[in-house]
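Presented below is the structure to which this report refers.
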Amino acid sequence: MKVPHHRATRYSFAADIAVTDVKSEKHVLARTTDLSLFGCFAKTTTPFPRGTTVRLRVSRGAEQITAFGKIAYSLADEGMGIVFGKIEPSDQAILEQWLTQLRNN
């Protein structure tokens with residue numbers, strides 16, 4: 001498989017993530033391994049197929065963000081790359097705060 005090209009620097013980021021297929025309402029609980037301004041990778045043995053529209057909730061400590069997104073790529077038994085779509089301004093602010101903390105570490 002071709003290695004995906006990312007639009008922004010991805011930082012190592014471990015957090016809980018709940019990913020739900022908006023069409024079927026099937027959901028997967030996973031862990032993120034990295035994060036960028038435009039998306040993340042969710043480590044799971046049961047990834048959704050490429051192109052699936054999803055709703056996601058990323059939780060780290062007392063903070064969480066919710067957003068809609070799309071599966072950019074899927075790796076069997078490994079996980080899925082998710083590109084963020086619609087995200088509310090308050091959630092975008094938390095995402096940017098997390099990224100600032102990661103850049104400064």
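The values are calculated or read from the model by the stated rules, or taken from the named source; none is laboratory data. Because the structure is predicted, anything quoted here is derived from the model rather than measured. A quick note on method: Cβ atoms are made from the backbone with ideal geometry, for glycine too, and the neighbour counts reach across all protein chains shown.
Listed residues Thr53, Thr32; which is of a type in the set (S, T, N, Q), surrounded by fewer than 19 Cβ atoms within 10 Å (Cβ to Cβ) and modelled with pLDDT of 95 or more? Residue meeting the stated conditions: Thr53. One residue is enough: does region 93-103 have a residue meeting the conditions surrounded by 15 or more Cβ atoms within 10 Å (Cβ to Cβ) and in contact with an Asp or Glu (Cβ under 6 Å, 6 or more places away or on another chain)? Looking through region 93-103, at least one residue is surrounded by 15 or more Cβ atoms within 10 Å (Cβ to Cβ) and in contact with an Asp or Glu (Cβ under 6 Å, 6 or more places away or on another chain).
Being more than 14 Å from the chain's Cα centre (by Cα) and of a type in the set (Val, Ile, Thr) is true of Thr46. Within region 82-91, the set of residues being under 13 Å from the mean Cα position of the chain (by Cα) and surrounded by fewer than 16 Cβ atoms within 10 Å (Cβ to Cβ) comprises Gly85, Lys86.
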